[in-house]
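This report refers to the structure that appears directly beneath it.
The values are calculated or read from the model by the stated rules, or taken from the named source; none is laboratory data. Worth saying up front: this structure is predicted, and the values here are computed from it rather than measured. All Cβ positions, glycine included, derive from the backbone under ideal geometry; neighbour counts span all protein chains shown.
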Amino acid sequence: MFQRVLNTLHGIKRSYSRRRFRSHLPMGGYQENRVAAELVDTLSDVDLSALNELLDWQCFTADLQGRRFGSAAWRGKRAEPQVIPDRRIVLLNEHFNLSDKHVLEIGCFEGIHTIGLAQYASRVTAVDARIENVVKTIVRCAFFGCTPRVLKCDVEVEPLPIEWLSSDVLHHVGVLYHLKDPVKHLLKLGQFIRIGLMLDTHYALDHEAVERFELNGKAYRYKRFQESGDADPFSGVYDHAKWLRLDDVIGTLKHAGFSEVNVIETRVERNGPRALIMAARPEGPKPDGSHRQRGAF
């Protein structure tokens, strides 16, 4: 009971600090990462300010005039204009040539990556477990002149809506390390991704993976990561997540049918080590009888 009260007090303090920071966030004057969006660029300052207040934005872009569309999360978190397209989307296109592909984005957040994907792919479906993120993604994409299909979907709730998720290529960034059952999730990907995927995720180092669970008779080691739950927009929606070892992430992708797995990079971030992975099915006929273009591995 005491811990619950303490957590509530900490939450109130954080919320006040964030609101204070965001109230002083400049509306204009941003020089970096300006991006063209005709329906934003033509808004008056008054209308753009009103748009920014309508939803509880946690990130923002800068239009050609250097004005803010959206808001920041807090000091040091999404406090600068976001880049469109993200460098990883450029890499994804280089690997899979998205021009004739249907791309699925798991965890669309507020639509920044969704817009980048729409610049390359012939079709985009974006899903998120939070309905507010679905709404924000639809709104942001509309003002950028793109029309992805955006749906609410918690990818850990069975049965999965396979008909919604079926696609050629998967964009999977910043989600796996928020899941309570990441192995089961990765194995499920083989049911609805036809060609390949990009996965960007934190992982556990060997000495950190001190807990174990079992699935289908196989044991997996993991690091337990405490989540803040649905109230925190940057948290998983459950009480904890399991961070897998990198070898188990790779092995599970192969078991799911993505036999061509390439770790593009590993890097160390504030919360721990992180990897960028490209994975593809072996060459062969697609369901329609044609052959896919080989990824640039």
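Does His172 qualify as being part of a helix (DSSP H, G or I) and assigned by TED's automatic domain parsing to the domain that holds Asp100? Considered against the rule, which asks whether it is part of a helix (DSSP H, G or I) and assigned by TED's automatic domain parsing to the domain that holds Asp100, His172 comes out as no. Is it the case that region 131-153 has a residue that's assigned by TED's automatic domain parsing to the domain that holds Leu189, farther than 24 Å from Glu53 by Cα, more than 15 Å from the chain's Cα centre (by Cα) and not polar (S, T, N, Q)? Yes. If the condition is being surrounded by fewer than 21 Cβ atoms within 10 Å (Cβ to Cβ) and in a strand (DSSP E or B), then region 129-154 contributes Arg149, Leu151, Lys152.
Please find, within region 111-128, the residue that is farthest from the chain's Cα centre (by Cα) out of those that are buried (at least 21 other Cβ atoms within 10 Å of the Cβ) and assigned to a loop (DSSP other than H, G, I, E, B).
Ala121
Here's the yes/no breakdown for (1) in contact with a Gly (Cβ under 9 Å, 6 or more places away or on another chain); (2) of a type in the set (Asp, Glu); (3) in contact (Cβ under 8 Å) with a residue 24 or more places away in the chain:
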site	(1), (2), (3)
Asp56	no, yes, yes
Leu64	no, no, yes
Val83	yes, no, yes
Thr114	no, no, yes
Thr125	no, no, yes
Phe143	no, no, yes
Cys153	no, no, yes
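Evaluate the following for Ala126: is it in the same structural domain as Asp100 (by TED's automatic domain parsing), aliphatic (A, V, I, L, M), out of contact with any helix residue (DSSP H, G or I) (no Cβ under 7 Å at 6 or more places or on another chain) and at pLDDT 95 or above? Here the answer is no, as Ala126 does not meet what is asked.
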